[in-house]
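Below: the structure, in structure tokens.
Each reported figure results from applying straightforward, stated rules to the coordinates on display, with no laboratory input. Note that the structure is a prediction, hence the values are computed from the model and not measured. Using ideal geometry, Cβ is built from the backbone for each residue, glycine included, and neighbour counts are taken over all protein chains shown.
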Number of protein chains: 2
Amino acid sequence: MTHDQIFKALADPTRRTIFERLATSGHNASELREGLSISQPAMSQHLSVLRSAGLVREQRQGRFVNYEVDPDGLASIGEWLAKYRAYWPARIDDLKTLLKDMDQ
Amino acid sequence: MTHDQIFKALADPTRRTIFERLATSGHNASELREGLSISQPAMSQHLSVLRSAGLVREQRQGRFVNYEVDPDGLASIGEWLAKYRAYWPARIDDLKTLLKDMDQ
DNA sequence: CCGACACATAAGCACAGACTTATTTCATTA
DNA sequence: TAATGAAATAAGTCTGTGCTTATGTGTCGG
């Protein structure tokens, strides 16, 4: 769950694709392979990296393992990004508006 | 300036250190080496990666080159992160606190 | 000009990591 | 309980990349 693990995990385009797919809805490892020309072990390894980084979490369901986005990882990026808030002044108001919208 | 370049750039701990140092204030390449046990070419290469990613920009001043944070790169991460806003509701209060701190 | 200095580029090396095939683990079901 | 099927682990290969030393480029002061 360190920033190092998170950024390393997201540095790989295949893993970002997997993550984006999971952001739409949860999937098991086999479903995630669809469309990607990648072996089953490769997918398993990618998911392991994403999980160690706290970007994804798993939930065993029988002999399937369902994966979904873990908000903790995203929050960690948000916190990292917040440290450099001095450089996005123009964006702060947007974010505030967003949070207000999210609030009810 | 792609997400791929940005995440790859930030995946390296040395480059994150450099970036954080630049976030405090602008520095030239020599100043940035202080404290880091790293050769001059290594620093030059790191800065090149950060610059290509749009995270840092340079400004020649005589025979020195001053580097500073480029808001574009940060904004690009912010936009990437915003796509997954559906997954931060649990963290809203934390973020709000951050924004409040930022606001003074 | 010429020496020194700041930085960039070149070339090569060594390690990290993304992939493969083969095998193992574990749960389901016939 | 044997067979099947999903997913994880093992082991090995190959590419990418971060580092080094050596050299090139450009700027300033004497």
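Structure data summary
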quantity: Taking N as its residue count, the alpha carbon Rg of the stretch B:3-102 over 2.2 N^0.38 Å; calculated: 1.24
quantity: Per-pair calculated FRET efficiency, R0 = 30 Å: A:Ser30 and A:Asp4 via Cβ, rounded to 0.05; calculated: 0.50
quantity: Nearest-first distances (nm) between copies at A:Thr17, label 7 Å from Cα via Cβ; calculated: 3.5
quantity: Cβ neighbours within 10 Å from other chains - mean over A:73-82; calculated: 6
quantity: Between the stretch B:56-84 and the stretch A:1-43, the alpha-carbon center distance in angstrom; calculated: 27 Å
quantity: Coarse-grained scattering of the stretch A:1-43 at q = 0.20, 0.24, 0.27, 0.29 Å⁻¹, given as base-10 log I(q)/I(0) from a Debye sum over alpha-carbon atoms; calculated: -0.67, -0.89, -1.02, -1.08
quantity: Relative contact order %, the stretch B:42-82, counting alpha carbon pairs below 8 Å whose residues are six or more apart; calculated: 29 percent
quantity: Gain in span if fully extended, B:Asn66 to B:Gln45, counting 0.36 nm per residue against the direct Cα distance; calculated: 6.1 nm
quantity: Peptide A:10-23, shielding by other chains (average Cβ, 10 Å cutoff); calculated: 3
quantity: Relative contact order, percent, the stretch A:3-102 [alpha-carbon distance under 8 Å, six or more residues apart]; calculated: 28 percent
